[in-house]
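Below you'll find the structure, written out as structure tokens, and then a few comments.
Each value in this text was obtained by applying a stated rule to the coordinates, not by laboratory testing. Fair warning: this is a prediction, and the values are worked out from it, not measured in the lab. Here the Cβ is made from the backbone with ideal geometry for all residues, glycine too, and neighbour counts use every protein chain on show.
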Amino acid sequence: MADRLASEGWHIAPREADHTYYKLKNPDAMVRRDSADEGTVTDFKCLRRNSPNAVKRNVIEGGEQVDYYGGGDVVIDGRDVGLDAATARRGYVKAVGQARQHGQSMPDNSYFILGDNTMLKIEYER
């Protein structure tokens, strides 16, 4: 996944996991999209199934990971399952609905690496 993001010009700096506190969330990396970007806490997910429910679950989990740090982004790699834009969008809409209904956190931006290796970005509108 890092190679794919690097092809977009992103710089990925892995974050050390902090296990000193019980259930402390540990997003995967700080990501800078260009030299002017100060960095965004980012969590990475890989889909195991190509379904809206799998997308929803991963978006929600990513939002929980970055929320402790004041927000951030999630990158979901759907290449191995052939994720398409329509499925990513349907799952994302389901995640927004669930998050609003249950008071769950959403990532600021969700990036989906689709099965055709293109990337889809969806920004959360608060």
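On average over all directions, what projected area in square nanometres does the stretch 2-123 have, based on the convex hull of its Cα atoms? Each step should come with its number before you reach the end.
Working: hull surface 30.1 nm².
Result: 7.5 nm².
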> Between Arg15 and Asn109, 0.36 nm times their residue separation minus their Cα-Cα distance comes to what?
Replying inline: 32.0 nm
> Pulled fully out, how much extra length does the chain show between Ser51 and Arg90, if you take 0.36 nm times their separation in residues and subtract their Cα-Cα distance?
Replying inline: 13.2 nm
> What is the chain's relative contact order, in percent, from Cα pairs under 8 angstrom and six or more apart in sequence?
Replying inline: 21
> How about the stretch 28-126: which GluC sites (Glu not before Pro) there are in a DSSP loop, with at most 14 other Cβ atoms within 10 Å of their Cβ?
Replying inline: Glu38, Glu125
> How high is the FRET efficiency between Asp34 and Arg100 when r is their beta carbon distance and R₀ equals 35 Å, given to the nearest 0.05?
Replying inline: 0.65
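Let me know the longest stretch in the chain that avoids all chymotrypsin sites (Phe, Trp or Tyr not before Pro) found in a DSSP loop with at most 11 other C-beta atoms within 10 Å.
On the way: sites that count: Tyr21, Tyr22.
With chymotrypsin sites (Phe, Trp or Tyr not before Pro) excluded where exposed in loops, the chain gives 23-126 as its longest stretch.
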> Taking the Cβ of Leu47 as the center, what net charge do the other residues with Cβ under 15 Å away carry, scoring Lys and Arg +1 and Asp and Glu -1?
Replying inline: +4
> Given +1 on the Cβ of Lys and Arg, -1 on the Cβ of Asp and Glu, and no further charges, what dipole in debye does the stretch 2-123 carry about its Cα centre, rounded to the nearest 20?
Replying inline: 640
